[in-house]
Every structure is written in C-alpha cells, then in structure tokens.
Amino acid sequence: MSTSDTTATTTTTRNPTPDLPTLTIPPTDPSIHTHTVIFLHGRGDNTRSFTRALHNWRHSRTGQTLFDTFPTFRWVFPQAPLRPVASTADHFHQKVMHQWFDVWTARDFSLREDVQVEGLREMVPVVRTMLAREAGKLGGRWDRVVLAWISMGAATGVHTLFNLDVSPGENGGGLAAFMGFCGRCPFMGRSLAEMRAVLALGEGVPPAGENGVVRRTPVMLQHNVDDPLVLIERGRGLRDTLTGFGAQVEWREYATGGHWFQEPEGIDDAVEFLTRVVLGKGGSEVADAEGSGEDGQGQAAAEPETVGLS
C-alpha cells in the first residue's frame with residue numbers, strides 16, 4: 001500500500017487553489033479541539049483505504065489507535081488528484097492513478113525529475129492553504145498543526161515545508177510537528193534557495209535566506225531498511241537535507257517493515273513523539289495523557305466526515 005473556514009493570511013498563493021476531496025475524523029468530543037493533523041497518503045492510495053489501515057494500527061502497550069490516543073485531535077486526510085502517468089503516454093491505454101505529482105519511474109526517481117515539477121507546483125500551494133485553514137480553526141495557532149505523510153506524501157510535504165512562510169511571532173513561527181514515513185526529497189543536492197527556485201511559486205515563499213519554519217518545526221522521520229520502493233539511502237538523504245537546512249530531526253530506522261508503517265515499534269515511536277513534542281508531555285504519560293477507558297481502549301473515535309469523496 002503506497003498510500004470554508006476562517007483562514008490565516010500568512011501564506012498566499014500566486015493563483016487560487018482548488019480544494020481537494022478530504023476525509024476528516026473530528027475529535028471525539030467536537031467541542032474540544034486542540035490540534036489538527038493533516039496526513040498525506042502515498043502514490044496510488046486513497047483516503048478511504050488509508051484511514052482504514054490507520055484504524056488497524058495500534059499502540060503495543062495500550063491497544064489504542066492513533067485516533068483513540070489523541071481524542072482532541074482533528075485528523076484531515078486530503079486525497080491526491082487522479083493524474084496520468086507520463087511514462088505510459090505511448091501505451092494504448094495510458095495509466096491514471098491518484099498521485100500528488102507524477103514520476104517517470106519508481107525504479108529510479110532521479111530520471112526525468114522535471115516530470116515531478118508540475119504536480120508539486122500545483123499541490124504545494126494547496127497544502128499550504130489547508131495548513132492555514134486548520135491554523136485558523138485553532139485561533140491562528142500554527143504551532144498546533146501537524147503535517148504528516150507517507151511515501152509520495154513526503155515529497156509534497158517537504159516542499160511545502162520549504163515554501164511555508166510563518167512569521168516568528170505567530171505562536172512559535174512553525175508547525176507543531178512534521179512527521180513522516182518511508183519518504184524522500186526530490187531535487188536533493190540543491191540549496192534551500194535552489195529547491196524553492198525549482199517550483200518558483202512566487203508569492204507566499206519565505207524571503208531569500210530565511211529558513212525559520214524549517215528550523216522551528218520539530219521533525220520525526222521513520223524508514224525501514226528493507227523498503228524496496230524508496231530505498232533507505234533516499235530516506236537518509238531526506239534526513240540529511242532537512243538537517244542541512246537547519247531542522248532538528250529525530251530519525252528512526254527499523255530493520256524490517258517494507259514500504260509501510262513499521263509495527264509495533266513505529267507506532268509506539270510516533271505516539272511518543274506526538275505526546276512529547278506536540279502535547280509537551282513525557283512519553284510515559286501516553287496511556288493517561290488523553291484519557292483511557294476500560295481495558296485501555298479509551299473512547300471510540302468519532303465517525304469520519306467526508307467532503308467531495310465519492
């Protein structure tokens with residue numbers, strides 16, 4: 001498996017951006033909303049299958065899902081557009097799939113990197129707008145919004161981070177966290193300014209030389225050594241790129257797990273990171289931090305809301 005609200009005005013885009021179809025899981029008690037996680041799925045996946053999978057991902061000690069563990073969080077799952085696959089253009093039936101942007105071949109992402117630019121140039125402003133919207137729901141608290149991703153969502157997420165402008169005075173001047181799994185960074189080997197120049201988004205990009213959002217956003221990356229699609233070397237490259245741009249990165253590397261979330265250590269580490277970094281509590285408080293019920297299961301997560309999904 002690959003996987004209209006008050007809006008803050010910090011980021012702007014050169015052109016109006018379309019809304020993506022989304023599946024949203026509200027807080028258990030919708031009147032108590034403390035944080036939002038925007039979670040980008042992988043290539044070829046969709047929000048329904050992705051959220052079903054996450055519902056099955058449980059903490060090894062408490063038995064709780066991510067949604068149970070953080071009942072005051074709002075979870076937003078946008079769905080990538082359907083895009084034709086450029087490498088199949090000469091086929092009788094050109095392949096089409098849900099993807100944030102196109103790639104020429106998953107066997108070597110460095111081939112025809114130019115193919116990736118158009119989709120990223122379209123999607124990064126969309127994700128920035130979603131982040132601003134969610135911060136607006138939280139009273140302008142950018143520091144209560146998490147951007148998470150897996151697989152192809154990584155590239156979209158990291159280039160959003162590179163091109164996100166939040167002033168230092170806006171509740172910390174960064175996101176609550178940037179958290180990802182099995183990811184890579186297109187156009188590696190370039191400086192931050194050169195990365196931004198590739199997409200050339202114009203408005204909404206930080207001033208030249210400014211890396212404040214990158215520096216002020218806590219990062220956790222997870223990758224499996226046996227990942228057959230996004231090789232571990234590319235995950236380490238993403239780590240080193242972010243570190244080189246001033247990010248404080250927590251790196252988690254696991255021997256097995258393939259191109260997916262690692263279980264059970266991966267979920268445990270993700271829960272510990274969100275509890276410690278986002279909620280500001282010690283990892284040992286996980287079971288008690290968000291309220292647990294009989295047998296450690298907590299309250300049932302609220303039913304998801306869908307917007308524009310069919």
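The values are calculated or read from the model by the stated rules, or taken from the named source; none is laboratory data. Being a predicted model, the structure only gives us computed values, none of them experimental. Cβ sites come from the backbone with ideal geometry, for glycine too, and all protein chains shown count toward neighbours. All accessible areas refer to the heavy atoms of the entire protein, side chains included, with ligands and DNA or RNA removed. Shrake-Rupley method; radii C 1.70, N 1.55, O 1.52, S 1.80 Å.
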Scanning region 36-56 residue by residue, the ones that are under 28 Å from Gly174 (Cα atoms) and at pLDDT 85 or above total 9
Scanning region 29-59 for residues that are of a type in the set (A, V, I, L, M, F, W, C), outside any loop (DSSP other than H, G, I, E, B) and open to solvent by less than 10 Å² (accessible area, probe 1.4 Å) gives Val37, Ile38, Phe39, Leu40, Phe50, Leu54
Of (1) under 17 Å from Thr129 (Cα atoms); (2) assigned to a loop (DSSP other than H, G, I, E, B), Val213 satisfies every one except (2)
Those residues of region 187-196 which are modelled with pLDDT of 90 or more, touching a helix residue (DSSP H, G or I) at 6+ places or on another chain (Cβ under 8 Å) and surrounded by fewer than 17 Cβ atoms within 10 Å (Cβ to Cβ) amount to Arg190
When restricted to Thr160, Thr156, the only residue in contact with a helix residue (DSSP H, G or I) (Cβ under 6 Å, 6 or more places away or on another chain), modelled with pLDDT under 90 and buried (at least 24 other Cβ atoms within 10 Å of the Cβ) is Thr156
Counting only residues in region 68-78 that are within 16 Å of the chain's Cα centre (by Cα) and open to solvent by less than 10 Å² (accessible area, probe 1.4 Å), the one modelled with the lowest pLDDT is identified as Pro78
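Considering only region 237-271, state which residues are among the charged types (D, E, K, R), open to solvent by 70 Å² or more (accessible area, probe 1.4 Å) and not in a strand (DSSP E or B).
Once the filter is applied, which keeps residues that are among the charged types (D, E, K, R), open to solvent by 70 Å² or more (accessible area, probe 1.4 Å) and not in a strand (DSSP E or B), region 237-271 yields Asp240, Glu263, Glu265.
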In the set Asn224, Asn171, the lone residue that is more than 19 Å from the chain's Cα centre (by Cα) and either crowded, with 22+ Cβ neighbours inside 10 Å or among the polar types (S, T, N, Q) (or both) is Asn171
Exercise for the section: State yes or no: is Arg184 within 26 Å of Asp269 (Cβ to Cβ), at pLDDT below 90, assigned to a loop (DSSP other than H, G, I, E, B) and among the charged types (D, E, K, R)? Expected result: yes
